[in-house]
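What follows is a short report on a single structure.
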Amino acid sequence: MGQAPHYRSLPRRFRRPTLLVVGCGDVGTRLARQQLARHGQDRLRVVGVVRSPESARTLRAAGVAALAIDLQDRRALGRLRGLAHWMVDLAPPPNDGAGDPNSKRLVAALGRGRAPTHGRTWVRGPGNAARMRIRAGLVGSPPSRWVYVSTTGVYGDTRGAQFDETRPVAPASARAIRRVDAERRFRGAARRGLARVAIARAPGIYAEDRLPVERLRKGLPALVPEHDVYTNHIHADDLANICWTALFRGRPGRVIHAVDDSDLKMGDYFDRVADALDLPRPPRVAREALPALVSPMMLSFMSESRRLLNRRLHRELRVRLRYPDVDATIASARRQATRDPSTGNPASLPSSAV
């Protein structure tokens, strides 16, 4: 094999690295918009993968290239092979089963026919041409850097303990067990040299248009303080930025807590949102009364208490959060409500799992 060509001598299509976003919903769309605004269409290509043609049309309308691919379709997944330099997986696992076969199929499709990457040189980032080198023969390879977005639910209920990423997982719910299986698939790919992988564990994702307004309007209860649980949060814009940063600053195989700096119980969070948006605070009930008043999924979220430390996020990824805590997001939502009352009271409930 001869000497690698200089970056600027490569054909134009190879000078524009590609970011593949699997499961490109709200956070994925924010990620695409952030980086396209930063780098421009001529320096970065973003391709979002969604399940249905309808979702693909919605994504294209938002200005993002889209592919409609069902992760259960092995043949369709073959279309992703060699498509991108970098990949962020935001897709949730299936709703049933003990594992995540979708992650297994995705890793297999991206790694099929690929030699291990140890010792090879890859594109580093679209913003620094001096560091962008591509070895001859590696152009068009599967992504060399992957980020898998998991959930903080893999820790189960820690009874409000404060801990970092070294804590062993102890999933208590079926969805968390499937997340642990997916993490294992990606770690296995990293060990085989298919890619450099970082894992971001995210909590409840929220934003100005993802606050629990409808829940408050319905008067659904929160727990009394002595029974309440600690909950963790991340703004959707900050999570999108964390995904991008982890591609390049995340250490191989490293877990990152993608959480903000809040240290707050769930009921207190609901109270703050209610007060800021002039809504009634939720009634408080004892844990024994809760099963008859909320859905099984919400009951599961309200049964696990965790306080996650995010030192790696700040020290290793060097991320500066735009919304460092819940109060910053609530203040932003209140400003939006003041400017435009028709959009200031968003109605969707943030999920406690990605």
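The values are calculated or read from the model by the stated rules, or taken from the named source; none is laboratory data. Keep in mind the model is a prediction, meaning the values are calculated, not measured. When we count neighbours, we look across all protein chains shown, and the Cβ atoms used for this are built from the backbone with ideal geometry, even at glycine. Accessible surface is based on the protein model in full, side chains and every heavy atom, while ligands, DNA and RNA are left aside. Shrake-Rupley method; radii C 1.70, N 1.55, O 1.52, S 1.80 Å.
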Exercise. Hey, among the residues in the range 151-175 that are over 18 Å from the mean Cα position of the chain (by Cα) and β-branched (Val, Ile, Thr), which one's farthest from Pro94 (Cα to Cα)?
Worked result: Thr166
Exercise. Is it true that Glu288 is over 26 Å from Arg187 (Cβ atoms), among the acidic types (Asp, Glu) and out of contact with any Leu (no Cβ under 9 Å at 6 or more places or on another chain)?
Worked result: yes
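Residue-by-condition table, conditions (1) touching a helix residue (DSSP H, G or I) at 6+ places or on another chain (Cβ under 6 Å); (2) buried (at least 16 other Cβ atoms within 10 Å of the Cβ); (3) not acidic (Asp, Glu):
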{"position": "Val229", "(1), (2), (3)": "yes, yes, yes"}
{"position": "Asp237", "(1), (2), (3)": "yes, yes, no"}
{"position": "Arg287", "(1), (2), (3)": "no, no, yes"}
{"position": "Val294", "(1), (2), (3)": "no, yes, yes"}
{"position": "Tyr323", "(1), (2), (3)": "yes, yes, yes"}
{"position": "Thr329", "(1), (2), (3)": "no, yes, yes"}
For this session: Check the range 243-255 and report whether any residue there is hydroxyl-bearing (Ser, Thr, Tyr), farther than 23 Å from Pro94 by Cβ, touching a strand residue (DSSP E or B) at 6+ places or on another chain (Cβ under 8 Å) and modelled with pLDDT of 95 or more.
Result: no
For this session: Six or more apart or on different chains, Cβ under 9 Å: which pairs go from a residue in the range 212-226 that's open to solvent by 30 Å² or more (accessible area, probe 1.4 Å) to one that's among the β-branched types (Val, Ile, Thr)? Could you list them?
Result: Leu220/Val294
Exercise. Looking at (1) at pLDDT 95 or above; (2) in contact with a His (Cβ under 7 Å, 6 or more places away or on another chain); (3) of a type outside the set (A, V, I, L, M), can you tell me which one Gly204 breaks?
Worked result: (1)
For this session: Can you tell me which residue within the range 95-113, out of those that are buried (at least 16 other Cβ atoms within 10 Å of the Cβ) and part of a loop (DSSP other than H, G, I, E, B), is modelled with the highest pLDDT?
Result: Asp100
For this session: Determine, yes or no, whether Thr338 is of a type in the set (Val, Ile, Thr) and in contact with a strand residue (DSSP E or B) (Cβ under 9 Å, 6 or more places away or on another chain).
Result: no
Problem set entry | Members of the range 302-311 that are outside any loop (DSSP other than H, G, I, E, B) and surrounded by 20 or more Cβ atoms within 10 Å (Cβ to Cβ) | Leu308
Exercise. Looking at this structure, is Leu299 in a helix (DSSP H, G or I) and of a type in the set (A, V, I, L, M, F, W, C)?
Worked result: yes
Problem set entry | Counted residues, the range 182-207 - those being open to solvent by 20 Å² or more (accessible area, probe 1.4 Å) and not aliphatic (A, V, I, L, M) | 6
Exercise. Looking at Gly23, Gly40, which is the one that is within 17 Å of the chain's Cα centre (by Cα) and surrounded by fewer than 21 Cβ atoms within 10 Å (Cβ to Cβ)?
Worked result: Gly23
For this session: Within the range 176-208, count every residue that is closer than 21 Å to Met297 by Cβ and in contact (Cβ under 8 Å) with a residue 40 or more places away in the chain.
Result: 13
For this session: Identify the single condition in (1) more than 18 Å from Glu226 (Cα to Cα); (2) part of a helix (DSSP H, G or I) that Tyr323 does not satisfy, given that it satisfies every other one.
Result: (2)
